[in-house]
1. Taking the condition within 17 Å of the chain's Cα centre (by Cα), surrounded by fewer than 24 Cβ atoms within 10 Å (Cβ to Cβ) and either touching a residue at least 12 places away in the same chain (Cβ under 8 Å) or part of a loop (DSSP other than H, G, I, E, B) (or both), does residue 326 pass?
2. For region 43-65: of the residues being part of a loop (DSSP other than H, G, I, E, B) and out of contact with any helix residue (DSSP H, G or I) (no Cβ under 8 Å at 6 or more places or on another chain), which is farthest from residue 10 (Cα to Cα)?
3. Given the options 191, 153, name the one that is at pLDDT 95 or above and within 14 Å of the chain's Cα centre (by Cα).
4. Select from region 66-81 the residues that are in contact with a helix residue (DSSP H, G or I) (Cβ under 6 Å, 6 or more places away or on another chain) and not in a loop (DSSP other than H, G, I, E, B) and write down the one among them that is surrounded by the most Cβ atoms within 10 Å (Cβ to Cβ).
5. Any idea which of 135, 161, 166, 212 is modelled with pLDDT of 95 or more and touching a helix residue (DSSP H, G or I) at 6+ places or on another chain (Cβ under 6 Å)?
6. Can you name the number of the only condition in (1) part of a loop (DSSP other than H, G, I, E, B); (2) under 21 Å from residue 244 (Cα atoms); (3) over 18 Å from the mean Cα position of the chain (by Cα) that residue 99 fails?
7. Pick out the one residue from 289, 264 that is in contact with a helix residue (DSSP H, G or I) (Cβ under 7 Å, 6 or more places away or on another chain) and farther than 20 Å from residue 220 by Cβ.
8. Could we say that residue 259 is closer than 17 Å to residue 181 by Cβ, touching a strand residue (DSSP E or B) at 6+ places or on another chain (Cβ under 6 Å) and in a loop (DSSP other than H, G, I, E, B) here?
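The values are calculated or read from the model by the stated rules, or taken from the named source; none is laboratory data. The model shown is predicted, which means the values in this text are computed figures rather than measured ones. Methodologically, a virtual Cβ is constructed for each residue, glycine included, from the backbone with ideal geometry; neighbour enumeration extends over all protein chains shown.
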């Protein structure tokens, strides 16, 4: 199997679902000596297979794919209905008709089909977010030559992933942009600083670690790697690169001097995620409910209608968002290596 310790540049490009991660971004990161990862979340297996083919057609053989672990607790439709009521006026102002609560049930994001695709394609690195796959799933992937990683936010989750047979862990600290990879969507995301979390995980498990969360400069990347991780993972700092598929309103907001604060919110998806503060987070964070994936589907029409309005979309951003530069992703990866 491929090994993260063999990277020429110890930097991993975060898999950013919903558009920012493109095959071109994955190719650029891997060509620079790091590791690029496709984001399987929200994609059909067919679209994911097309992206995999595009990466390989671009000459990149060593790359990863990240998959969302399905929720274990069913959606609370009563809670979703209350949040839907809260969103009605805002949605109407955009001309958006919200889906009925009956349409907002559980959804496994075609998990089994995506696992089968990973095995068929023998993807070098397969990582997971939002939970820990079963030991049987890990075994099946490893049997097909896949190096399996799990994203964790606590040392207990790290132990669980190790027991399931993970080959490596992505240790995600509180400064990370986008979704926090808590295993239980209804828990509050941990606030333990990344450095302390890395030390705690290293004391608990004997696996290669990739450290993520707020890493946006070469100095900070070096500090984090000096603690023991074999690489750092970066996402926000890639959002303005040429190869990223970030919405222009999102990319521009990262450089807007008027936007100075990030917040953790469930308002867009039902799972906790760090974003630039905007009108939507101000108005709906307190009312939001921990009912992913139902809330993500509920707000989808709003986000599409507000795609050019930075106050109406999810401006995912980690604490180092000011360091996101307009340049090639390859230059960003090399700069942090």
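1. On the way: within 17 Å of the chain's Cα centre (by Cα): no; surrounded by fewer than 24 Cβ atoms within 10 Å (Cβ to Cβ): yes; either touching a residue at least 12 places away in the same chain (Cβ under 8 Å) or part of a loop (DSSP other than H, G, I, E, B) (or both): yes.
Criteria not met by residue 326.
2. First, the residues of region 43-65 that are part of a loop (DSSP other than H, G, I, E, B): 43-44, 58-63.
So of that shortlist, the ones also out of contact with any helix residue (DSSP H, G or I) (no Cβ under 8 Å at 6 or more places or on another chain) come out as 44, 61.
Numbers: 44: 30, 61: 17 Å.
Looking at residues that are part of a loop (DSSP other than H, G, I, E, B) and out of contact with any helix residue (DSSP H, G or I) (no Cβ under 8 Å at 6 or more places or on another chain), I get 44.
3. 153
4. Initial filter on region 66-81 (in contact with a helix residue (DSSP H, G or I) (Cβ under 6 Å, 6 or more places away or on another chain)): 67, 70, 75, 77, 80-81.
Okay, now just the ones that are also not in a loop (DSSP other than H, G, I, E, B), so 67, 77, 80-81.
Working: 67: 28, 77: 15, 80: 20, 81: 17.
Per the criteria, the residue is 67.
5. So the residue among 135, 161, 166, 212 that is modelled with pLDDT of 95 or more and touching a helix residue (DSSP H, G or I) at 6+ places or on another chain (Cβ under 6 Å) is 135.
6. (2)
7. Among 289, 264, only 289 is in contact with a helix residue (DSSP H, G or I) (Cβ under 7 Å, 6 or more places away or on another chain) and farther than 20 Å from residue 220 by Cβ.
8. On the way: closer than 17 Å to residue 181 by Cβ: no; touching a strand residue (DSSP E or B) at 6+ places or on another chain (Cβ under 6 Å): yes; in a loop (DSSP other than H, G, I, E, B): yes.
In short, no.
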